[in-house]
Amino acid sequence: MNFGFVLPTAGKESKEVDVLIIGGGPAGLSAGIYATRAGLSAMIVDKGNAGGLAEEAPFVENYLGFKGIKGEDLVKAFKEHAMEYLEISERNEVREIIKDGENYMVKTERGEYKTKGIIFATGTTHKKLNVPGENEFLGKGVSYCVTCDGYFFRGKKVAVIGGGNSGAIAAIYLKDIGVEPVVLEYMPRYMCEKAYQKIIQERDIPYYTNVEVRAIEGKDKVEKIVYLERNSGERKEMNVDGVFIYVGLIPISELARKLGVETDDKGYIKVDLSMRTNVPRVYAAGDVTGYAGQIIIAAGQGAMAALSAYEDIMLR
Amino acid sequence: MAYIRDEDKKYLKGEFEKNLKDEVKLLVFTGDNCQYCGVASAIAAEIAELNSLIKFEEQRIDEDLARKYGLSHAPTVVITDGEKYQGRIRYVGLPSGYEFSSLVEDIMDVSKRSAEVSPEVLEKLMRIDKPVIIQVFVTPTCPYCPGAVRTAHRFAILNENITGEMVEAIEFPEWANKWNVMSVPHIVINEDIQFIGAYPDEQYIDYVLQAYEKMR
C-alpha cells in the first residue's frame, strides 16, 4: 500500500511581498527557493495542490539524480524543500491582477497580495481531443488522469489516445496496475522517447501508429472507439471500456494576457532567455512558456526567473 | 512500525502547535474482517501523539455511537468536537495519499470550530435548513480530490445540516459501482445530484442547493 502522505500547507492572510509566484509546480517551487535565498520576500499561490502536472506522472526517469521516482514523490521533495524557504498557499486561485502604479495587486480566492513582481508558473492543462463522445462520456469512461482513474479499469481494456511521452507513461502505468492498454498515435511512428518505446515493446503493449481517432461511442458508458487507418483510409472500431486522452497540453496564460503579457499563437507566454516577458517585472517559467514540458527545464527556468526578478527588484 | 515519517511528524507538530485551538476528537470506527482498520487506527494514534489537543478514540462500527452518526462501513474516521459536529465530517476508508492532507486540514478547522468560505458562498450555504449529505468518491492517488473533499467538509463545519463524507472508491468498489464511479472526484449529493471534477466553491454550492431545492 502506498503511504506517500501529502502534507498540507497553511497561509491565509493577505500580505505584501517582493515577488508573487503564481503556480506551485516545479517551476514555481524552484523560483520560490531561488527568490528567497537571493533575499526577496516571496510566496507561492496555487489554485490546487502545489506540484502541478508533474504530480500526475506515474514515473519520472530523467530527472538528474533520480534513476526512477514517482512524480508524486519527486514533487513532494520539491515542495518540502521550498517550504523551508517560503509560504505556499494552496487552493487559492488568483481571480484578478490589477496594476497599481509600480506594483501589482493580486486578488485571490483567499486574500489580496501586493507585489513588486510576478512570476507566472501557471503551467498547462490537458488538451481535448475534440471528437464526438468525448464530453458526453467524461466520467463514464473518458479520463485525462491515469493516476486518478486507472484503478477503475483493472482487468479491462482501455485506449490511450496519443503516443507521446505522457501517453506512453500512462500506458505503462496502466499495464503495471493490471489494465490492458492500447496506444493509438496519429503520427506514423513512435512519438515517445526511445526509453519508453523499449518498455512498451517489452511489455507487449500494442502501439498503433498512423491512426486517427474519430469518435468515442457507447450507450451509458464508453464501449468502443472508432478510428481511421490513415494509410488505407479504412474505418475501424475497437471495443474498449475506457479512454485516456493524452493528446497534448494547452497553456494557462489568460491572467498574464489580461495584464498585457504577449503570448504566441498557441497561447504560450513569450519570454527571453532570462525569463522576462514584455511587461516590466513580470516573468514566466515552466510549461507555460512552451519549452519541452520537462520537469528539469521547468525547475531551471524557475530559478532563472527568480534571479531576473532579483536583478530587477533589488539591484535597480 | 510508524506510518508517518519522522520528518513529516516534525512538520505536523509545528503546524498543530500554530493552528490548534480547542480539543479535536479523532474517532476511528472499526469492524471485523476489515483490511485497513488497523492502519486507520495506527495513523490516528500517531497523529494524536503530536498534540495534546488531539484525542484519538477507537469505536466499533456495530455499536451505538456509529448508529447515532449513521455509519455503516469500516474503517470510518470522524473528526469532531463531540457535540456540534457529531459524525458529519468523515472519511470512509483510509485517508491516505493525497487525502492525508485533507485530514490534517480538517483537524485544524475543527479545532478552530470554523472554516473559510467567501461571503457569497456562506450566504447560500446558510439557506440550507434540512439535512444534506455530500459524498465525495476519491482515489488516494488523485491530486484533484482533496479540493472536493475539503469543500464538502468546510460546508459541513459551517452548516449543521450538512454531512461531508469522503468515500475511498478502491476500498469500496461496490459502493463506487452503485454510482458508476469511473472518474474522481465524483460527488453525489443526497444520493441524487451528481457531478464530476474539482469545482470552485461557487459552483459546488450551486449543486448542493440544487439537491436541497429538490427536497423542499
Problem set entry | Exclusive hit being at pLDDT 95 or above and either more than 21 Å from the chain's Cα centre (by Cα) or of a type outside the set (A, V, I, L, M) (or both), set A:A82, A:A121, A:A42 | A:A42
Exercise. Regarding A:I88, is this residue closer than 21 Å to A:I269 by Cβ, touching a Gly at 6+ places or on another chain (Cβ under 9 Å) and either in contact (Cβ under 8 Å) with a residue 60 or more places away in the chain or not in a strand (DSSP E or B) (or both)?
Worked result: no
For this session: Inspect the stretch A:287-302 for any residue being part of a strand (DSSP E or B) and of a type outside the set (S, T, N, Q) and give the result as yes or no.
Result: no
Seminar exercise, completed: Scanning the stretch A:151-180 for residues that are within 22 Å of the chain's Cα centre (by Cα) and farther than 17 Å from A:Y196 by Cβ, the one farthest from the other protein chains (Cβ to nearest Cβ) turns out to be A:A159
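Condition check ((1) in the same structural domain as B:R88 (by TED's automatic domain parsing); (2) basic (K, R); (3) assigned to a helix (DSSP H, G or I); (4) crowded, with 22+ Cβ neighbours inside 10 Å) across all residues:
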residue	(1), (2), (3), (4)
B:I134	no, no, no, yes
B:H153	no, no, yes, yes
B:I157	no, no, yes, yes
B:M166	no, no, no, yes
B:N177	no, no, yes, no
B:V188	no, no, no, no
B:Q203	no, no, yes, no
B:L209	no, no, yes, no
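Let's see how each residue does on (1) within 15 Å of the chain's Cα centre (by Cα); (2) of a type in the set (D, E); (3) within 10 Å of chain A (Cβ to nearest Cβ):
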residue	(1), (2), (3)
B:Q86	yes, no, no
B:V138	yes, no, yes
B:G147	yes, no, yes
B:N159	yes, no, no
B:F172	no, no, no
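Quick grid of which residues meet (1) buried (at least 17 other Cβ atoms within 10 Å of the Cβ); (2) in contact with a Ser or Thr (Cβ under 6 Å, 6 or more places away or on another chain); (3) within 23 Å of A:N165 (Cβ to Cβ):
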residue	(1), (2), (3)
A:Y227	yes, no, yes
A:G233	no, no, no
A:V243	yes, no, yes
A:Y246	yes, yes, yes
A:A256	yes, no, no
A:R316	no, no, no
For this session: Among the residues of the stretch B:54-79, count how many are over 26 Å from B:N33 (Cβ atoms) and out of contact with any Asp or Glu (no Cβ under 7 Å at 6 or more places or on another chain).
Result: 1
For this session: Could you list all residues from the stretch A:263-293 that are surrounded by 18 or more Cβ atoms within 10 Å (Cβ to Cβ), on the phi < 0 side of the Ramachandran plot and not aliphatic (A, V, I, L, M)?
Result: A:T263, A:Y268, A:R276, A:T277, A:Y283, A:D287, A:T289
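The values are calculated or read from the model by the stated rules, or taken from the named source; none is laboratory data. If you're wondering where the values come from, they're calculated on a predicted model, not measured in any experiment. Here Cβ is always computed from backbone atoms with ideal geometry, including for glycine, and neighbour counts include all displayed protein chains.
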